[in-house]
Amino acid sequence: MRTSAPPAGDHALVQIVDAALADATRRSGPWLVCRPECAQCCMGVFSISQLDAVRLQQGLDDLQRHDSQRAAALRKRALEAVTRLSPAFPGDPKTGILADDDDAEQLFADFANDEPCPVLDPATGTCDLYSARPITCRAFGPPVRSEDGLGVCELCFHGATDEQIAACEMEVDPDEIESKLLKEMQDAGGPSGRTIVAFAVAD
């Protein structure tokens, strides 16, 4: 699924999201228990955008230049994951693009919930492509609003009231920069549709 480098605006998007995370982390204080080697959020398949996919691919290329052994191990994990996941993949396993109809979304909700992210190094419990991680990963932990309400990691905010949780809400991308960058990529002939990490980094 190799594509071109991320659009120039992706760097600004990452900076905005990381700054929002830092602010939410400060407001959350001890309620936010995220730390290296806490990899619960790295278990289970989740969808990512094509912008995330390109960023991960660039991160893998950088890792290849600096630590070819780690990059090779990551690719091996990703290829093994693609082999395991392809038979029941709710989309096109040749392209790695998820189908977007209601039936496929329902299938995806129950798909590979125990599958570890291939970017997670099982020996260290840390992300091999942390600086290139998807937006979902960058925003996980603090309270984030979705159509289902305000959600938090189940390991965090124990003992906090609803009001205290709401006071720590993270606004991930208030100006919808990601949507604009995705349109820019598609207008330039890039792929559309969502995928998963394994397909993004397997090659």
>> Among the residues of region 84-100, what is the count of those that are part of a helix (DSSP H, G or I) and surrounded by 16 or more Cβ atoms within 10 Å (Cβ to Cβ)?
In response: 1
>> Looking at region 121-131, can you tell me whether even one residue there is part of a loop (DSSP other than H, G, I, E, B) and more than 19 Å from Leu63 (Cβ to Cβ)?
In response: no
> Which one of the conditions (1) in a loop (DSSP other than H, G, I, E, B); (2) touching a Leu at 6+ places or on another chain (Cβ under 7 Å) does Ala71 fail to meet, given that it meets all the rest?
Replying inline: (1)
> Residues Gly193, Gly141, Gly125: which one is over 23 Å from Ala12 (Cβ atoms), open to solvent by less than 50 Å² (accessible area, probe 1.4 Å) and within 15 Å of the chain's Cα centre (by Cα)?
Replying inline: Gly193
>> Among (1) under 16 Å from the mean Cα position of the chain (by Cα); (2) open to solvent by less than 70 Å² (accessible area, probe 1.4 Å); (3) at pLDDT below 95; (4) on the phi < 0 side of the Ramachandran plot, there is one condition Leu182 misses while meeting the rest; what is its number?
In response: (3)
>> I'd like the full set of residues that are open to solvent by less than 50 Å² (accessible area, probe 1.4 Å) and part of a helix (DSSP H, G or I), limited to region 169-179.
In response: Ile177, Glu178
> Which members of region 61-76 meet the condition of being open to solvent by 30 Å² or more (accessible area, probe 1.4 Å) and either touching a residue at least 60 places away in the same chain (Cβ under 8 Å) or touching a Phe, Trp or Tyr at 6+ places or on another chain (Cβ under 6 Å) (or both)?
Replying inline: Asp62, Arg75
>> Can you tell me how many residues within region 35-60 are under 22 Å from Glu169 (Cβ atoms), open to solvent by 70 Å² or more (accessible area, probe 1.4 Å) and part of a loop (DSSP other than H, G, I, E, B)?
In response: 1
>> If I ask for residues that are over 20 Å from the mean Cα position of the chain (by Cα), of a type in the set (A, V, I, L, M) and open to solvent by less than 60 Å² (accessible area, probe 1.4 Å), which ones from region 149-168 would you list?
In response: Ala160, Ile165, Ala166
>> Can you tell me which of (1) assigned to a helix (DSSP H, G or I); (2) touching a Cys at 6+ places or on another chain (Cβ under 8 Å); (3) not β-branched (Val, Ile, Thr) is the one Glu105 doesn't meet?
In response: (2)
>> Residues to consider are Asp18, Asp23, Asp10; find the one that is among the acidic types (Asp, Glu), open to solvent by less than 20 Å² (accessible area, probe 1.4 Å) and out of contact with any Ser or Thr (no Cβ under 6 Å at 6 or more places or on another chain).
In response: Asp10
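The values are calculated or read from the model by the stated rules, or taken from the named source; none is laboratory data. Bear in mind the structure is a predicted one, so any value in this text is a computation, not a measurement. Don't worry about glycine lacking a Cβ; one is built from the backbone with ideal geometry, like all the others, and counts go over all protein chains shown. Surface areas here come from the heavy atoms of the whole protein model, side chains and all, with no ligands, DNA or RNA. Shrake-Rupley method; radii C 1.70, N 1.55, O 1.52, S 1.80 Å.
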